[in-house]
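J.: Structure in structure tokens, see below.
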Amino acid sequence: MDQDPTRRFSVRAEIYARYRPSYPPQVAELAERECGLRPGRLVADIGCGTGLLARLFLERGCVVYGIEPNREMRDAGRQALAEFAGFHAVEARAEATTLAAAAVDLVTAGQAAHWFDAEPAHREFSRIVKPGGCLLLVWNEREPAEGFMRDYEALIARHAPEQSRVEPNRISRLFGGKEYRTARFENHQTLDLEGLRGRVASSSYTPPPGTGGHALLMTKVDELFARHQHQNAVRLLYRTEVYYGPLGAVL
């Protein structure tokens, strides 16, 4: 598997756009309460991908600079967010966004944050955010539960052991060692068989489409769905975890 995180999703961009879970509206509501988010505010969404997190802020009238190094993901984001005049896709990395100093009111990142080189990324976030501006990191983590969720976790562990997890130390480093606050919200996807297949295939740690490992995994996904489906659907449970607060001093 290609170890460069900027290329891991090149063959998965379309699948990612269609089948990844979105983020609940409570994330934007929290940003309004705690980070001063308002219509017209400028947001840098780092590792923007297909725009799942950026959409929350665009729907509230913000201007969003979607920082994304992967061409296929960037193109998918442009297409998904074409209705929003305030969206600007930027070819750049977390550690070098190309944005001007003190350019944005809020820096955000979704699932991509675990790929960032923490210290250089923190320095860049501190450079581009206005004085008093915030950093807001968001993850959808699968929620442990009996039945389908238990068997789903076991399947992924067997066929895709290289899973990415939130690392508290990395989060602290992205905030520059400064204290941050946390929030948690419920989230879920209701998926038919095609949706479940797509959700599994969208993950960077699963075997890529066109490989024998992928074909075997999809066979197991079909079996999992057949065991647990109710009215031709299964429910994938998440907890959306949010880390937010002002950026610390540059390291």
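The values are calculated or read from the model by the stated rules, or taken from the named source; none is laboratory data. Fair warning: this is a prediction, and the values are worked out from it, not measured in the lab. When we count neighbours, we look across all protein chains shown, and the Cβ atoms used for this are built from the backbone with ideal geometry, even at glycine.
J.: Mind listing whichever residues of segment 58-68 are in contact with a helix residue (DSSP H, G or I) (Cβ under 6 Å, 6 or more places away or on another chain) and either buried (at least 24 other Cβ atoms within 10 Å of the Cβ) or within 15 Å of Val90 (Cβ to Cβ) (or both)?
T.: The first filter runs over segment 58-68 and keeps only residues in contact with a helix residue (DSSP H, G or I) (Cβ under 6 Å, 6 or more places away or on another chain), leaving 60, 64, 66, 68.
Within segment 58-68, Val64, Gly66, Glu68 qualify.
J.: Looking at Glu68, Glu91, which is the one that is over 24 Å from Glu141 (Cβ atoms), in contact with a Lys or Arg (Cβ under 7 Å, 6 or more places away or on another chain), of a type in the set (D, E, K, R) and modelled with pLDDT of 95 or more?
T.: Just one listed residue meets the conditions, Glu91.
J.: Tell me, yes or no, whether segment 207-228 has at least one residue that is out of contact with any Ser or Thr (no Cβ under 9 Å at 6 or more places or on another chain), under 16 Å from Tyr16 (Cα atoms) and of a type in the set (D, E, K, R).
T.: Within segment 207-228 (the criterion being out of contact with any Ser or Thr (no Cβ under 9 Å at 6 or more places or on another chain), under 16 Å from Tyr16 (Cα atoms) and of a type in the set (D, E, K, R)), the answer is no, since none of the residues qualifies.
J.: Going by the structure shown, is Glu34 without any contact (Cβ under 8 Å) to a residue 24 or more places away in the chain and at negative phi? It would help to see each step written out before you state the result.
T.: Details: without any contact (Cβ under 8 Å) to a residue 24 or more places away in the chain: no; at negative phi: yes.
Considered against the rule, which asks whether it is without any contact (Cβ under 8 Å) to a residue 24 or more places away in the chain and at negative phi, Glu34 comes out as no.
J.: For segment 15-30, give me each residue that is within 16 Å of the chain's Cα centre (by Cα), outside any loop (DSSP other than H, G, I, E, B) and modelled with pLDDT of 95 or more.
T.: Gln26, Val27, Ala28
J.: Turning to a different aspect of this structure: Based on this model, can you work out whether Lys220 counts as surrounded by fewer than 18 Cβ atoms within 10 Å (Cβ to Cβ), of a type outside the set (Phe, Trp, Tyr), in a loop (DSSP other than H, G, I, E, B) and touching a Leu at 6+ places or on another chain (Cβ under 9 Å)?
T.: No.
J.: Against the condition of a type in the set (Asp, Glu) and in contact (Cβ under 8 Å) with a residue 12 or more places away in the chain, how does Glu95 come out, does it pass?
T.: yes
J.: Only one residue in Ile46, Ile67 is without any contact (Cβ under 8 Å) to a residue 60 or more places away in the chain, closer than 21 Å to Arg173 by Cα and under 15 Å from the mean Cα position of the chain (by Cα), so which one is that?
T.: Every option except Ile67 fails the conditions.
J.: Which fully enclosed helices (runs of 4 or more DSSP H) of segment 46-159 have 2 or more residues being within 22 Å of Ser203 (Cβ to Cβ)?
T.: By residue number, 52-58, 71-80, 148-159.
J.: From the set of residues in segment 38-52 that are touching a strand residue (DSSP E or B) at 6+ places or on another chain (Cβ under 6 Å) and buried (at least 24 other Cβ atoms within 10 Å of the Cβ), which is farthest from Ile15 (Cα to Cα)?
T.: Val43
J.: Now a separate question. Say we look at segment 194-209 and pick out the residues that are surrounded by 15 or more Cβ atoms within 10 Å (Cβ to Cβ) and over 29 Å from Val27 (Cβ atoms); which of these is modelled with the lowest pLDDT? If you could, list the steps in order and put the result at the bottom.
T.: First, the residues of segment 194-209 that are surrounded by 15 or more Cβ atoms within 10 Å (Cβ to Cβ): 195-204, 206-208.
Pick out the ones that are also over 29 Å from Val27 (Cβ atoms) and you get 207-208.
Numbers: Pro207: 82, Pro208: 78.
So the residue we want is Pro208.
J.: Quick one: would you say Val104 is β-branched (Val, Ile, Thr), crowded, with 21+ Cβ neighbours inside 10 Å and touching a Cys at 6+ places or on another chain (Cβ under 8 Å)?
T.: Criteria not met by Val104.
J.: Still on this structure, please answer the following. Is there a residue being out of contact with any His (no Cβ under 8 Å at 6 or more places or on another chain), over 30 Å from Cys35 (Cα atoms) and either hydroxyl-bearing (Ser, Thr, Tyr) or crowded, with 17+ Cβ neighbours inside 10 Å (or both) anywhere in segment 210-217?
T.: yes
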